[in-house]
Amino acid sequence: MEWNPAPVEAKIGIQFKNSDILRLALSHPSYSEQLGEGTENNERLEFLGNAVINFAIASYLYSHTPYLEVTNFAALRDKLTEGERLTKLWYQLGLGEAYPFLVNMPERFILRQKFPNPFDTGFKALVGAIHLDRGFSQTRNWLNKKLISPVLERYLKPIKERSNPNKQLQFLGDHLLKVVVLEYLYRHLPNVRVARLGELYRELTGRERQTEYFKQVDLAALNLGEEKIYVKSFKALVAGIYLQHQAAGDKGALKKTENWFVEEFVDGDEVLRIAIALLLEDGKAQKWIIRHVMGYESKDYHEGRERFNQLMEGKKS
């Protein structure tokens, strides 16, 4: 179905390179169900977008409020991501009366009073779409302008000293690692539902995994600047690497951090093998997995099946 993204782009002040992902962000599950089986909805984008929002807030707090304790960081993050606040912002952007696309739902003014609702989840999905289409730098700037600065800017103090550098770096790294891993999973595992993406995230970032990752790193070989002395955990290390890219004025700091993590610690075959096992548990057919997750077209099905068998034989060996 053809649609015109221009009205939405004008309201949010961002022009998309790929308007399909904007449409997906606006496609509530009720709407997608009406269109038929196999139609995507915005739940996966919401999952990613939630992580992006939290990281953007953590980054702002780390940069602008070093004098606050981490407990204050967490409280402000929670305040900024309240369902009521995100719903209000959705309507302030002029999106509430027509978006997201809904079918067989109560009136919008009724939905608006409940949390979560299609509007606060839609906002998160929109952020996920902006991030994938335009990159984190533009997404962060947009969030700072629309969500973060209007609330926090008036309360900022000219204090540069950090109250607790170790815990602050850990807080930043915690939110950064989630974005890094979830973006990887989103891009590499299409059509895998949110619950399973969450399981894979926990598999890749569990305590034992992080300990093992940290042991593999030669800190002396990394140029971490002043943050180096505060790197006591893997999450803090990830934050330190990101901050060094950022300090160099690199707008692709997040992408470079993600690339480093994936190249150093992610076994793509292992991730796909675990994902396939989870999908088989869900009752997904081998043919569906080969086509919709592994990405093999019908004409390449035999090649896909060989790849599928190789992966699963690797699990047995």
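Here's the yes/no breakdown for (1) polar (S, T, N, Q); (2) free of Cβ contacts under 8 Å to residues at least 60 places away in the same chain; (3) out of contact with any strand residue (DSSP E or B) (no Cβ under 8 Å at 6 or more places or on another chain):
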| site | (1), (2), (3) |
| --- | --- |
| 94 | no, no, yes |
| 99 | no, no, yes |
| 113 | yes, yes, yes |
| 119 | no, yes, yes |
| 125 | no, no, yes |
| 137 | yes, no, yes |
| 145 | no, yes, yes |
| 148 | no, no, yes |
| 152 | no, no, yes |
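None of 255, 251 is assigned to a helix (DSSP H, G or I), in contact with a Gly (Cβ under 8 Å, 6 or more places away or on another chain) and of a type outside the set (A, V, I, L, M, F, W, C) except 255. Scanning segment 59-84 for residues that are polar (S, T, N, Q) and outside any helix (DSSP H, G or I) gives 65, 81.
Scanning segment 15-25 for residues that are of a type outside the set (Gly, Ala, Ser) and either touching a residue at least 24 places away in the same chain (Cβ under 8 Å) or closer than 19 Å to residue 186 by Cα (or both) yields 16, 17, 18, 20, 21, 22, 23, 24. Applying the criterion of being without any contact (Cβ under 8 Å) to a residue 40 or more places away in the chain, out of contact with any helix residue (DSSP H, G or I) (no Cβ under 7 Å at 6 or more places or on another chain) and hydroxyl-bearing (Ser, Thr, Tyr) to the residues of segment 26-77, the residue that is nearest to residue 131 (Cα to Cα) is 63.
Every condition in (1) in contact (Cβ under 8 Å) with a residue 24 or more places away in the chain; (2) in the same structural domain as residue 183 (by TED's automatic domain parsing); (3) assigned to a helix (DSSP H, G or I) holds for residue 273 except the one numbered (2). Among the residues of segment 236-255, those identified as touching a residue at least 12 places away in the same chain (Cβ under 8 Å) and either surrounded by fewer than 17 Cβ atoms within 10 Å (Cβ to Cβ) or not assigned by TED's automatic domain parsing to the domain that holds residue 203 (or both) are 247, 251, 252, 255.
Against the definition (within 25 Å of the chain's Cα centre (by Cα), part of a helix (DSSP H, G or I), without any contact (Cβ under 8 Å) to a residue 24 or more places away in the chain and not assigned by TED's automatic domain parsing to the domain that holds residue 197), how does residue 289 come out, yes or no? It would help to see each step written out before you state the result.
On the way: within 25 Å of the chain's Cα centre (by Cα): yes; part of a helix (DSSP H, G or I): yes; without any contact (Cβ under 8 Å) to a residue 24 or more places away in the chain: yes; not assigned by TED's automatic domain parsing to the domain that holds residue 197: yes.
So residue 289 passes the test.
Looking only at segment 122-162, residues that are over 23 Å from residue 252 (Cα atoms) and surrounded by fewer than 18 Cβ atoms within 10 Å (Cβ to Cβ) come to 12 in all. For segment 20-44, the candidate set comprises residues that are in contact with a Phe, Trp or Tyr (Cβ under 8 Å, 6 or more places away or on another chain) and not hydrophobic (A, V, I, L, M, F, W, C); within that set, the residue that is farthest from residue 104 (Cα to Cα) is 44.
The values are calculated or read from the model by the stated rules, or taken from the named source; none is laboratory data. Computed from a predicted model, the values in this text were never measured in an experiment. Reconstructed Cβ throughout: ideal geometry from the backbone, glycine too, with neighbour counts over all protein chains shown.
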